[in-house]
Amino acid sequence: MFTLNRLQSGTAAFMALSVTVGTVAPFITASPSFAQTTFSDVSSNYWAAQFIQQLSQRGVIAGFPDGTFRPEEAVTRAQFAAMVNKAFQKPAQRQGINFTDVPSNYWASSAIGQAYSIGFLSGYPGNRFEPNQAIPRQQVLVSLANGLEYTPGGNTESTLQYFNDASNIASYARSPIAAATEKQIVVNYPNVKFLNPTATATRAQVAAFIYQALVSSNQASAINSPYVVAVGSTTPTPVSVTIPQGTAIPVKYDKAEKILVTKDETAPLTLTVSQNVVTQEGSVVIPAGSQVIGQLKPATGGSQFVAEKLVLTNGQEYQLNASSEVITKTETVNKGTSTGSIIKNTVLGAGAAAAVSAVTGDRAIATEEVLGGAGIGALIGLFFGRNSVDLVAIDPDTDLQMTINQNLLVSVR
């Protein structure tokens, strides 16, 4: 079993891991992107749709202003360098160099330098990088295997015999591609038996390769695709990780900029994990996009979010004992105040909605503005005759960050 034995501060609640079974690559996962994740030219049944969606969510790849992704478009070496830097964070392995064909004002100059220094990409003789060259599939796989420091565990030629076109793999690429194959980084569409090593890599293919590289280093959950090459039994053994009491879980709430509740009410609330919670070695224990289900409950002097369940992105559910700090900030609603100014970008607990309605005299608060869509009519009588009411004002971006109150055991691969 793995046991987390100390914490590091940071917005993504990064944790150090004491490893007793296996090892994971020493990376910190990039923060997720909240940009477009669906594209007009990537249908739900497109072979690489899930890879593209997951990487766009992480901010590793992006679409075009017209809403397309252009999955069949070629990827240049410069573009690939930019993708690698967004997908992986890794200490420098070697001193950077200045390529003769990459001027300092070139759009990808920094990305190319970084990709070189962390070991994912190298240049050509003559100190050239060829940034605008379309990158072949075998170069992508070599880059990922080298950057992740993978070497073959078995016989290289025996592994490569899986591919019907293995003879087309360049000599320099054979060992790294064998390693990438063992780690299930290789994705071949439409026929898994054909690697097409010298073919130009498309945006969809690169998305699939990079995502599988994240899976191989325990930084992403596996996608069930028939095009992932699986040679032998290389499925990672599930291990248990204990997330210790006191670990922070960064969360967000996209439905509103503010939440109002009374000090006496309980209101259902579901939050979304805003950044991956990962070990220092890079193993994702709580992926961004997971949900935390719980309630806002009365607490001494205010309100507090109390978590009840954690639902990971792969559907795994865990009972969760976690809570936010007690929120005591208040906002006063006075008689005659315009409800429009109160409820703008705000959701309310049923009690708060009833209070606002009774004090302002506005009975037109819609149920979609109320947490859980609760009915408020029966509660309005509790606030009749009041000229003002104090409501707990919650900023989801800062007030709902929570810590785990009891060790949580989760399974990772």
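The values are calculated or read from the model by the stated rules, or taken from the named source; none is laboratory data. Because the structure is a prediction, the values reported are computed rather than measured. Here the Cβ positions follow ideal geometry from the backbone for every residue, glycine too, while neighbour counts run over all protein chains shown.
Taking the criterion of being within 14 Å of residue 320 (Cα to Cα) and touching a Gly at 6+ places or on another chain (Cβ under 7 Å), would at least one residue in region 283-305 satisfy it?
yes
Just one of the numbered conditions (1) assigned to a helix (DSSP H, G or I); (2) in contact (Cβ under 8 Å) with a residue 40 or more places away in the chain; (3) surrounded by fewer than 21 Cβ atoms within 10 Å (Cβ to Cβ) is not true of residue 214; which one?
Exception for residue 214: condition (3).
For region 277-311, name all the residues that are among the polar types (S, T, N, Q) and modelled with pLDDT under 85.
Passing the criteria: 279, 280, 283.
Give region 49-85 a look and list any residue that's basic (Lys, Arg) and part of a loop (DSSP other than H, G, I, E, B), or say none. If you could, list the steps in order and put the result at the bottom.
Step one: filter region 49-85 for residues basic (Lys, Arg), giving 58, 70, 77.
Hit for region 49-85 is 70, nothing else.
Can you find even one residue in region 138-154 that is surrounded by fewer than 22 Cβ atoms within 10 Å (Cβ to Cβ), assigned to a strand (DSSP E or B) and assigned by TED's automatic domain parsing to the domain that holds residue 78?
No.
Which one of the conditions (1) modelled with pLDDT under 95; (2) surrounded by 14 or more Cβ atoms within 10 Å (Cβ to Cβ) does residue 22 fail to meet, given that it meets all the rest?
With respect to (1) modelled with pLDDT under 95; (2) surrounded by 14 or more Cβ atoms within 10 Å (Cβ to Cβ), residue 22 is out only on (2).
Scan region 73-102 and report the pairs whose first residue is in contact (Cβ under 8 Å) with a residue 40 or more places away in the chain and under 23 Å from residue 278 (Cα atoms) and whose second residue is in a loop (DSSP other than H, G, I, E, B) and of a type in the set (Phe, Trp, Tyr), with Cβ atoms within less than 7 Å and a gap of 6+ or a chain change.
Sorted first by the residue in region 73-102, then by its partner, the pairs are 84/120; 88/27; 89/27; 90/27.
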